[in-house]
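Visitor: If you scroll down you'll find the structure; I have some questions about it.
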Amino acid sequence: MTTPGPDGPPRGFRQRRLPPGQYVPRGWPVLHYGRVPQTDVGNWDLRIFGATADGGERVLKHPELMELPQSEVLADFHCVTKFSMLDNLWRGVRALDLAQVWPPHESVTHVMIWAEYGYSANVALTDFLADDSIFAYARNGEELTAEHGWPLRYVCPHLYAWKSAKWVRAVEYLVGDRRGFWEDRGYHNRGRAWDEQRYSYQERPDDGPPL
Ligand SMILES: Nc1nc2c(c(=O)[nH]1)N[C@H]1C(S)=C(S)[C@@H](COP(=O)(O)O)O[C@H]1N2
Ligand SMILES: [Mo]
C-alpha cells in the first residue's frame, strides 16, 4: 500500500494504489450468483476434507471455529467486474492458522473453497497460506451481513474477489489443481489482480488444468 506523505496523499494516490483497470465505487456492492442463504449457526459447520495430513476429515461447529486464533487483515478487495474496495479490515481466522491445526498432506498443491449451493473457488496452496488469506466474519468492526457472506466468507485479497467465496462451508485439500465455479466458466484459473489475470483465455499452459 502507498503511504500518504506528511501533507496527505500525493496526487494520483487513488489511481496508483489500484490494480490496472479498477475503480472505487460509492458504497459496497453486493455481488454473487444465486440466492443469499439463510444460515442458522446452530446447524452450521465447516468441513475440512480431501488430502489432509492424517487422511481424516474434520467438521468444526461454529464455537470451535471461534476458538481458533483470531486475526485481522487490512487489505483492498478487487472484483473482476472492476470495482475495488479499499482498506477493508477483515477479522477472522487466517487460513494459515486453520492449516496449522488441520494441516494438508505434504502432496497438496491447491485448495478448493466450497460454499453454500455448491459455489466453489480454487486457490494455489501458496495463495491459501499467504499472510492476507483469511476466513472472515467481520469487516471494519462490524459483523458481516448475510448478503456479504455471514457467518463466514473466505478472503484472499491479492486474487480477484470471485475467489473470496461467501458462505463458506468446506475446505478441500487437493493433490492437483481443479477448477472452481468461475474458473470453469471463463475466469482465469489463478486470478491475480495485480497481474490482471481476468479471463481464462489469458492463461498460459501452466496457469491451470486444460479447459
Ligand atoms: N458463495 C459465493 N461467493 C461469492 C460469489 C458468489 O457468487 N457466491 N461471488 C464472488 C464475487 S464475483 C465477488 S466480486 C464477491 C463480492 O463480495 P461482496 O458481495 O461482499 O461485495 O463475492 C464473491 N464471493
Ligand atoms: Mo466479482
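Readers should treat all values here as calculations from the given coordinates under stated rules, not as data from a laboratory. Just so it is clear, the structure is predicted and the values come from calculations on it, not from any experiment. Please note: Cβ atoms are built from the backbone with ideal geometry, for glycine as well, and neighbour counts cover all protein chains shown.
Visitor: Among the residues of segment 190-207, are any buried (at least 24 other Cβ atoms within 10 Å of the Cβ) and in a loop (DSSP other than H, G, I, E, B)? Let's see the steps before the verdict.
Guide: Within segment 190-207, the subset buried (at least 24 other Cβ atoms within 10 Å of the Cβ) is 191, 193.
Now restrict to residues that are in a loop (DSSP other than H, G, I, E, B): 191.
The answer is yes, given that some residue of segment 190-207 is buried (at least 24 other Cβ atoms within 10 Å of the Cβ) and in a loop (DSSP other than H, G, I, E, B).
Visitor: Hey, among the residues in segment 152-189 that are farther than 17 Å from Leu125 by Cα and surrounded by fewer than 18 Cβ atoms within 10 Å (Cβ to Cβ), which one's farthest from ligand 2 (Cβ to nearest atom)?
Guide: Looking at residues that are farther than 17 Å from Leu125 by Cα and surrounded by fewer than 18 Cβ atoms within 10 Å (Cβ to Cβ), I get Asp184.
Visitor: Looking only at segment 68-114, how many residues end up being in a helix (DSSP H, G or I) and among the β-branched types (Val, Ile, Thr)? Even if it seems obvious, please write down each step before you answer.
Guide: Just the residues of segment 68-114 that are in a helix (DSSP H, G or I), to begin with: 95-101.
Restricting the remaining residues to those that are among the β-branched types (Val, Ile, Thr) gives 101.
Adding up the residues that qualify gives 1.
Visitor: Could you tell me how many of the residues in segment 173-189 are part of a strand (DSSP E or B) and either within 15 Å of ligand 1 (Cβ to nearest atom) or of a type in the set (Val, Ile, Thr) (or both)? Don't jump to the end; show me each part of the working.
Guide: Of segment 173-189, the ones part of a strand (DSSP E or B) are 173-174, 187.
Subsequent filtering for residues that are either within 15 Å of ligand 1 (Cβ to nearest atom) or of a type in the set (Val, Ile, Thr) (or both) retains 187.
Count: 1.
Visitor: Output yes when any residue across segment 45-59 is within 16 Å of ligand 1 (Cβ to nearest atom) and either of a type outside the set (Asp, Glu) or part of a loop (DSSP other than H, G, I, E, B) (or both), and no when none is.
Guide: So the first thing to find is which residues in segment 45-59 are within 16 Å of ligand 1 (Cβ to nearest atom), and the list is 46-47.
From what is left, the residues that are either of a type outside the set (Asp, Glu) or part of a loop (DSSP other than H, G, I, E, B) (or both) are 46-47.
Yes; the residues of segment 45-59 include at least one that is within 16 Å of ligand 1 (Cβ to nearest atom) and either of a type outside the set (Asp, Glu) or part of a loop (DSSP other than H, G, I, E, B) (or both).
Visitor: Of everything in segment 114-164, what is more than 13 Å from ligand 1 (Cβ to nearest atom), of a type in the set (Gly, Ala, Ser) and under 17 Å from Trp182 (Cβ atoms)? Give them in sequence order.
Guide: Matches in segment 114-164: Ala124 only.
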